[in-house]
Structure formats: structure tokens, C-alpha cells
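Down below is the structure, laid out as C-alpha cells.
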Amino acid sequence: MEKTIDQICADALKEIETAKSKDSLNAVSLKYLSRKGIVTQFLRSISKLPPEERPKAGERANETKRLLEKAVEDAINSLDARSPAADSFIDVSLPGRSALPGSLHPITQITRQICDIFTRMGFDIAEGPEVESDYYNFEALNIPKYHPARDMQDTFYVSDNIVLRTHTSPIQVRVMEKRKPPLKVIAPGKVYRSDSDITHTPMFHQVEGLMVGENISFGNLKGILSNFVHLMFDEKTSLRFRPSFFPFTEPSAEVDILCVMCRGKGCRVCSHTGWLEVLGAGMVHPAVFENVGYDTSRITGFAFGMGVERITMLKYGIDDIRKFFENDFRFLRQF
Ligand code: FA5
């Protein structure tokens, strides 16, 4: 009897050893270990043996069963662990592919450069929410409901009183509500407008600037912005202040930089004017100061809001703002 189970065991081990795939190993397992398998049949037949032989035969058959189960399991594991390099379809002699190092998006790079320049001039950095209340985006900035000035910015409304902020200027109000003058703050962030052409996108980036205290004048604004433009571009880059209108500044100006694409001759980027508008600015309107409880007899200040995409286009000579958001690696890899 013992010889028989030993023979079964030897046959099964041989078949396990020669099996080359999981399918053939499963077939061996089925042949010997399943309910109708050879080992199981053997175990059943033990009851027919004389009583004194049964314990030894049972013990031996169970040992064989455990041994074969383990052998099948080990063989399957070693097939799984076999390195794919051992299979002929991979040429292990080829050089490895290097991982592509990531890099910062040009808009992020320029936003950081802008923030660096202003922090070196003593400005703190502030942030505010992109989903903003009508109050902070408009009313606190002296733009009442139904006022025609609301048409200046095509707004995405989330509900009657909630908008996607159209500019970073609401951060001015949020900062002034929390802090007393004097203060010098810049606030970078995403803004949203229903606007799209080669110099306008529905989502773009602005950096807001605010300087408030006693005796702050338009001269300080010009000085700070000229300094910024000379550090961002170079000493020769010209800028010009054009009288303009914003409900939250008085007087107000728009600031243009000489178009780097055509050097002032006129091209499609600057709409053939030779200049590209990069920011709006002005002296903070007393109505805004009143809304945050500042003493307008003592406190003055200036504010500005610049378009980061426009600055980046000028810096790198890019002629279409939409390229920033197309995620084309051939474009992005250049920065
Ligand atoms: C404003 O957004 C004012 N909040 C700026 C300001 C702040 C004025 C503080 C006074 C005091 P304006 O709508 O002009 O202004 O936008 C400012 C700049 O954002 C523009 O000069 C331009 O560079 C950029 N910009 C405006 N619309 C878009 C757009 N759709 N796509 C890309 N850049 C834009």
C-alpha cells in the first residue's frame, strides 16, 4: 500500500516539475488533488484496508496531499516571479528610458517672478477666493448693482449674489477689512471673464497691488510700476500711462508696454497700435476706503491689477494667449 501512494507522489511531482504554464499546473492539481483526483480516491479507499493498516496509510496519504498542494503552489509562484526580461520580447541591452523632469508652467514662472520683484520692494502676499460674493467683486469696489460699470467685465454668475471673480481687486477689500494702514500688498490669482480671442481667455491670471498709508501719491504708483517694468524686462522698456476709468480708483490709468513683437511698429498682437495694455491702476477711490472703515481725510493709496498672460507674452514674444492653455508640450518645453 505505502508503495502505491509513494508511486502516486513521485508521478505527480514529475508532472509538476515538467509543467511550463499555470494551465498545465492547474491540470495536474485537478488530476491528483480534486474531489475525483487520484490522491483523494486513494484516501477514500483507506476504509477498505484492514483496521491495523488504516492509520499509517491515512497519515501517509494526507502527507502526500499536503506535499503536492505545496509543490503546485510553489511552481505557480515561481512562474509569476519569473522576470519579464527572461522573455524574449524585451531587449535588456537597450538603454533605459529616462523620466521626463517636470517644469513649471510659464504663467507660474512669471507669477513667481512678479511676486519676487514686489516682495523685494517690501510688499506682502495675500490671497482670496475665486468664487466670490457680488459684494466683494463689485459693490465694495464702488460698482453698485445695475450700474453700467458692471458691463466692463463680462461676468460668470454662479447665482444672483455669487460670481467667479472677474479680477483680483476684491482681495484689496478683504485685506483692508482685516488690516490697518500702512500696508503694501500684492495678490496673485486666477480670474474669470466671458471673453475669448488672441489676447483674451475666459480664465486668466492677475496680480493685484495695493499700497495704502499717509501721503501715498500717484508719483509713488508711477515709481513702483516703472521700477517693476525695468526689473521684469529691462531699463529700456518703455511704458505709458493712459487716462482711464475704474469705479474703484480716481484718477485711473491704463498702463501699456511697448509691443516687443513689433517694437512699436504695429502688429496683430498689439492691434497695430505698437503698445500692449498690461495693467489697470489708479488712486484708491474714497468710497472704497469708506466701505472698509478707513479715515479718508488721512489715508490715501494706489492700486493696480496686471494681466500675467500679457506680461508673459511680452517677456517671451508669444503672439497668441491661447497657447498657454492648450497643453502642447512642444510649446511648454521651451520655458
Ligand atoms: C481690472 O481688472 C482692474 N481690476 C485692474 C485695476 C486694479 C485697476 C486696481 C485699478 C486698480 P482690466 O479689466 O483692465 O482691469 O484688467 C487688467 C488687466 O488684465 C488688463 O490690462 C489685461 O492685461 C488683463 N486682462 C483683462 N482681460 C483679460 C482676458 N480676458 N484675458 C487675459 N488678460 C486679460
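Please give the charge dipole size of region 10-79, origin at the Cα centre, charges +1 on K and R Cβ atoms and -1 on D and E Cβ atoms. Round to the nearest 20 debye.
Here region 10-79 has a charge dipole of around 280 debye.
For region 112-180, run through the GluC sites (Glu not before Pro) and keep only the ones in DSSP coil with at most 16 other Cβ atoms within 10 Å of their Cβ.
Qualifying residues, ordered by number: Glu127, Glu130.
So, counting K/R as plus one and D/E as minus one, what does the shell of residues with Cβ under 12 Å around Asn291 add up to?
So the environment of Asn291 carries a net charge of -2.
With an 8 Å cut-off on Cα pairs and a minimum separation of 6 or more residues, tell me the relative contact order of the chain in percent.
With pairs under 8 Å counted, the relative contact order is 14 percent.
Rounded to the nearest 5, what is the percent of antiparallel bridges among the DSSP beta bridges in the chain?
In the chain, DSSP labels about 95 percent of beta bridges as antiparallel.
How much accessible area per residue does the chain have, counting only protein heavy atoms and a probe of 1.4 Å, in square angstrom?
Ligands and nucleic acids excluded, the result is 55 Å² per residue.
If you keep only loop residues by DSSP, which trypsin sites (Lys or Arg not before Pro) in region 246-335 have at most 15 other Cβ atoms within 10 Å of their Cβ?
Answer in residue order: Arg263, Lys265, Arg268, Arg298, Arg333.
What accessible area, in Å² to the nearest ten, does a 1.4 Å probe give for Ser196?
For Ser196, solvent-accessible area is about 80 Å².
Could you give the length gained on full extension between Lys178 and Met121, defined as 0.36 nm per residue of separation minus the Cα-Cα distance, in nm?
18.3 nm
Note the per residue figure in Å³ for the convex hull of the C-alpha positions in region 173-277.
130
Tally Lys/Arg at +1 and Asp/Glu at -1 over every other residue whose Cβ is under 14 Å from the Cβ of Gly128; what's the total?
-1
Exactly which trypsin sites (Lys or Arg not before Pro) in region 106-209 are in a DSSP loop and have at most 15 other Cβ atoms within 10 Å?
Of the trypsin sites (Lys or Arg not before Pro), the ones in loops of region 106-209 whose Cβ has at most 15 other Cβ atoms within 10 Å are Lys145, Arg179.
In the chain, what cysteines have no partner Cβ closer than 4.7 Å?
Within the chain, the cysteines lacking a partner Cβ under 4.7 Å are Cys9, Cys115.
Along the charge dipole of the chain, Cβ charges K/R +1 and D/E -1, which of Ser103, Ile16, Tyr146 sits furthest on the positive end?
Of the options given, the answer is Ile16.
For region 5-88, take N as its residue count and report Rg(C-alpha) divided by 2.2 N^0.38 Å.
1.29
How much accessible surface does Cys267 have with a 1.4 Å probe, in Å² rounded to 10?
Surface open to solvent at Cys267 totals about 30 Å².
Please report, in Å, the Rg and the Dmax of region 106-332, where both are computed over Cα atoms only.
That works out to 17.1, 55 Å for Rg and Dmax.
What is the set of long-range amide H partners of Thr249 at a cut-off below 5 Å, with H atoms built 1.01 Å from backbone N?
Distant-sequence amide H within range of Thr249: His285.
Quick one: dipole size for the chain, taken about the Cα centre, charges +1 on Lys/Arg Cβ and -1 on Asp/Glu Cβ, in debye to the nearest 20.
Here the chain has a charge dipole of around 700 debye.
Over the chain, what percent of the accessible surface lies on carbon and sulfur atoms, probe 1.4 Å?
52
Along its principal axes, what span do the Cα atoms of region 65-152 show, with the longest given first and each in whole Å?
For region 65-152, the Cα spread along each principal axis is 87, 37, 28 Å.
Does anyone have the angle between helix 2-18 and the longest principal axis of the chain? Alpha-carbon axes, 0 to 90°, nearest 10?
40
Heavy atoms only, probe 1.4 angstrom, no DNA, RNA or ligands counted: give me Met283, Met306 ranked by accessible area, highest first.
Ranking Met283, Met306 by accessible area, largest first, yields Met283, Met306.
Between region 1-52 and region 211-290, what is the C-alpha centre distance in whole Å?
So the separation of the two Cα centres works out to 90 Å.
The values are calculated or read from the model by the stated rules, or taken from the named source; none is laboratory data. Computed from a predicted structure; not experimentally measured. Cβ coordinates were reconstructed from backbone atoms using ideal geometry, including for glycine residues, and neighbour counts include every protein chain displayed. With ligands, DNA and RNA removed, areas are computed over all heavy atoms of the protein, side chains included. Shrake-Rupley method; radii C 1.70, N 1.55, O 1.52, S 1.80 Å.
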